[in-house]
Amino acid sequence: MVPQRQAGPNWRWWLRTLALPLALVAIGVLLRSSGTPPFGSDNDEYRLVADELLSSGRPVVAGVEATKYPLGYPVVLAAFDLVGLPVTSSAIALNIVLVGALAVAVAVLARAAGPRVAAVPAAVYAVASPGLWGSVFVTMPDLAFVVVSALVVWRAGVLVRRGDVGVLAGLVGLATVLKSMGLLVALAAGVAVLFGPRALRRLAWVPVASGLALTAVMAALVAPYPQHTTGYARTFLLVDPTDDTLGRVSLIDVVARVGSRAWLVLRDVGFAVVGPDVPTPWSWLVALALVGAGAWALWANPPRRAYVVAFVAIWLPALAVWPYSSVRFQLPLVPIAAVGVGGLAVAAVRRGGGVAAVAVVAALAAFLVGSGAQLRRQAEVEAATVGAVAADTAATAAWARSAIPEGDVVASFAYREVAYHLDRPVVPLGYTGDMERLWAEASAAGARWLVVMPSLYGARGALEDRFVTTFADRLRLVHDTATVDTYAVTRS
């Protein structure tokens with residue numbers, strides 16, 4: 001069956017549908033704002049690459065090494081700077097707009113999948129999802145990727161003419177230049193086209209080719225520069241990506257990660273879709289149920305159904321194989337789960353009438369109260385942890401501007417944080433248990449100072465503590481705060 005195009009927009013319906021979700025966006029901003037500026041390796045790397053693109057055109061981090069991330073988002077940040085906008089606040093403003101855009105995208109998707117009324121609970125759930133808000137006050141592309149992912153789900157079900165495949169391929173390309181994981185979106189989009197109209201099925205290669213071609217172009221752009229200290233090619237086959245002395249894995253070991261790391265993926269799925277304050281296994285059981293409900297709600301459209309099934313089937317095992325884990329990796333499941341919420345709400349009202357409608361409203365209200373409490377707790381934790389390190393880093397940078405001569409090289413495991421906040425040459429210390437090798441690399445680069453912030457990231461902090469302990473006789477503490485310490489190198 002060929003899907004029919006929607007009629008023109010009904011603005012009154014859209015205003016009624018989006019009024020509550022957009023109001024919730026404003027409330028979410030107030031609840032989740034911690035007063036802590038974006039801080040940490042990824043936040044700083046994207047801004048450093050944007051600076052370098054503007055100053056030299058090179059896709060490198062702090063003039064040191066090639067970025068390991070796609071170039072789409074650094075280009076956006078560079079564009080902000082180019083037109084005179086403050087980069088960090090503009091990035092946060094963009095993310096807030098993107099939360100609203102997600103409400104629109106999910107409403108469109110829910111409306112396309114079934115009764116119009118499903119769009120309201122779906123959009124409400126999407127914008128109030130606690131896991132989503134951890135990616136708002138940042139300078140990272142995760143929210144943009146989620147919105148594009150939601151649009152891909154929608155457009156996968158709107159395949160009528162050849163141009164529709166082109167639109168789908170364009171969205172896939174946008175996903176790819178935002179996140180490396182966009183390649184997985186490309187594969188699922190190719191499967192969707194295979195289940196579209198017969199005349200279009202021979203074009204299933206187009207979305208896949210779009211993702212692969214853009215990935216190849218970006219790889220070629222960074223190839224002339226030194227490999228990233230924690231680059232994916234360097235760390236993917238390590239037994240432990242935070243310590244290369246533990247050796248490398250075989251192909252069989254990589255496949256075995258699907259089983260050994262499944263609990264990490266499920267944990268992150270639960271935290272992303274339901275919220276990080278909900279205990280496991282309940283969080284991921286509810287999350288998977290909602291994602292399943294989303295697939296059920298989208299089932300009537302064959303290409304869209306094929307996309308969702310293929311996406312989940314590819315996404316979860318691939319991220320189990322990936323040696324890193326993060327809640328934000330699982331955020332593209334939020335739009336699918338939100339459509340599931342809309343579908344379940346409509347089904348409940350159809351079967352239970354007025355009593356069920358009251359129960360649905362009560363359940364959504366309880367979710368919003370719980371979500372608000374989670375957002376406030378997240379803000380408080382962020383202020384107490386990341387906020388403390390950010391403040392100490394600012395204090396350290398202020399001290400270092402007068403205490404560390406220009407041109408002196410600073411060694412750091414936290415080199416991106418240091419390089420972004422301090423205008424001094426920085427040599428990165430990688431993730432390895434070979435302390436002598438790290439010392440030799442720092443010495444070869446002429447490092448005269450060491451900056452550590454052990455409380456920011458656990459695995460990296462353990463290496464920082466070990467490094468300082470190993471070479472205690474070669475380091476002299478010259479400036480310390482509660483979370484950031486600076487040492488002078490006394491001998492090489």
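Observations
- Of Leu151, Leu246, Leu98, the order by accessible heavy-atom surface (1.4 Å probe, DNA, RNA and ligands excluded), from most exposed downward, is Leu246, Leu151, Leu98.
- Simple spin-label estimate for Ala79 and Trp11 in nanometres, 7 Å along Cα-Cβ: 2.7 nm
- Largest first, the three principal axis extents of the alpha carbons in the range 425-492 are 28, 25, 24 Å in whole numbers.
- Between the range 277-322 and the range 74-116, the Cα center-to-center distance that results, in Å: 23 Å
- Heavy-atom accessible area, probed at 1.4 angstrom with all protein chains present, ranks Asp434, Asp473, Asp268, Asp42 as Asp473, Asp434, Asp42, Asp268, highest first.
- Given in Å, the Rg to one decimal and the Dmax to the nearest whole number for the Cα atoms of the range 219-273 are 14.4, 40.
- With a simple spin-label model that places each label point 7 Å from the Cα along the Cα-to-Cβ direction, the separation between Ala220 and Asp473 comes to 5.4 nm.
- Counting only whole DSSP H helices of the chain, the ones at least 20 Å long by C-alpha along their axis and with mean Kyte-Doolittle hydropathy no lower than -1.0 are 11-32, 41-55, 87-113, 142-156, 162-178, 205-222, 282-297, 302-321, 333-384, 386-403.
- Cα-only Debye scattering, the range 78-170: base-10 log of I(q)/I(0) at q = 0.20 Å⁻¹: -0.97
- Pairs of alpha carbons in the chain whose separation is greater than 37 Å (percent): 31 percent
- Fraction of accessible area attributable to carbon and sulfur, the range 312-453 (%, probe 1.4 Å): 64 percent
- Rg to Rh, two decimals, where the range 1-146 supplies the alpha carbon set and Rh follows Kirkwood: 1.07
- Label-to-label distance for Trp263 and Arg202 is 5.1 nm, based on points extended 7 Å past Cα in the beta-carbon direction.
- Ranking Ala384, Met453, Ser443 by how far each Cα lies toward the positive end of the dipole of the range 338-456 (charges on Cβ) leaves Ala384 at the top.
- Residue-span extension gain [Arg350 to Ala488] - 0.36 nm each, minus C-alpha spacing: 42.6 nm
- Average Cα contact separation per residue, the chain, under 8 Å, 6 or more apart, as relative contact order %: 18 percent
- By DSSP, the beta bridges lying fully in the chain are antiparallel in about 65 percent of cases.
- Per-q log10 I(q)/I(0), the range 333-492, q = 0.17 Å⁻¹ (Debye; single scatterer per alpha-carbon; no solvent): -0.94
- Computed from the C-beta positions of Leu285 and Ala462 and an R0 of 45 Å, the FRET efficiency is 0.90 to the nearest 0.05.
- Given +1 at the Cβ of Lys and Arg, -1 at the Cβ of Asp and Glu and no other charges, the dipole of the chain around its Cα centre is 2560 debye to the nearest 20.
- Accessible surface of the range 1-139, 1.4 Å probe, proportion on carbon and sulfur as whole %: 67 percent
- In Å², nearest 10: area of Glu380 left accessible to a 1.4 Å probe: 110 Å²
The values are calculated or read from the model by the stated rules, or taken from the named source; none is laboratory data. Since this is a predicted model, take the numbers as computed values, not measurements. So basically every Cβ, Gly included, is an ideal-geometry build from the backbone, and we count neighbours across all protein chains shown. For accessibility, only protein heavy atoms count, side chains too; no ligands or nucleic acids. Shrake-Rupley method; radii C 1.70, N 1.55, O 1.52, S 1.80 Å.
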